[in-house]
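As structure tokens, the structure follows; a few thoughts come after it.
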Amino acid sequence: MKKLLYLLFAICLIGCSDDDDNASAQTFLEKYDGVVWEREDYLSGDTSQYIILYDSNQFITTVSTDEGIDCISNKEGGNPNGDIMTIKKNEENKFIVEVVETNDDDDGVMETYLITYEVNNNILKVTWSNDGEFMNHIKTDLANPCN
């Protein structure tokens, strides 16, 4: 009987213990907060383009430096173009934003599409669902040029 009570006590301890694995998991934006990524196909040219991710409502800044620094911030709710942006997924290894265009493109069509951000071996892959196009960005040690 005594052994049975010890067994039940041990099962109760295991069943009631905290699960620290879920508590320590970071979202994608928390994990890469403030990291500067340089567009891969611009590495050898005169023009640079960067992406900076933030753990805040201003979640992405793109920077073009062909004629000085031009910081464009995207955030939950919208971007400078007036497009509506909604965070659909912010998991540890994937970040997905839905974009609803509010202005006509050159072809007169407004679109809704997803932009997926995934990191693998210090490469940030940005993919657009409407055309399957993607761009790779390499992780840098640069300071945020938009601060």
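Side notes on the structure shown:
- ASP55 accessible area, 1.4 Å probe, all protein chains in place, Å² to nearest 10: 80 Å²
- Listed residues LEU29, LEU114, LEU43 arranged by accessible area, highest first, probe 1.4 Å: LEU43, LEU114, LEU29
- Under the combined filter of DSSP loop state and at most 15 neighbouring Cβ atoms within 10 Å, region 79-130 retains these GluC sites (Glu not before Pro): GLU91, GLU92, GLU111.
- Label-zone membership for region 80-99, site LEU114, 7 angstrom Cα→C-beta point, backbone N under 15 Å: 86-99
- Straightening the chain between ASP141 and THR65 buys 25.7 nm, computed as 0.36 nm per residue apart minus the Cα-Cα spacing.
- Point-to-point label distance, THR102-PHE134, nm (Cα→Cβ direction, 7 Å offset): 3.1 nm
- Extending 7 Å from Cα along the Cβ direction at ASP46 and again at LYS125 yields two label points whose distance is 3.3 nm.
The values are calculated or read from the model by the stated rules, or taken from the named source; none is laboratory data. Everything numeric here is computed off the predicted structure, so don't read it as measured data. As a convention, Cβ positions derive from the backbone with ideal geometry for all residues, glycine included, and neighbour counts pool all protein chains shown. These accessible areas exclude ligands, DNA and RNA; they are computed on the full protein's heavy atoms, side chains included. Shrake-Rupley method; radii C 1.70, N 1.55, O 1.52, S 1.80 Å.
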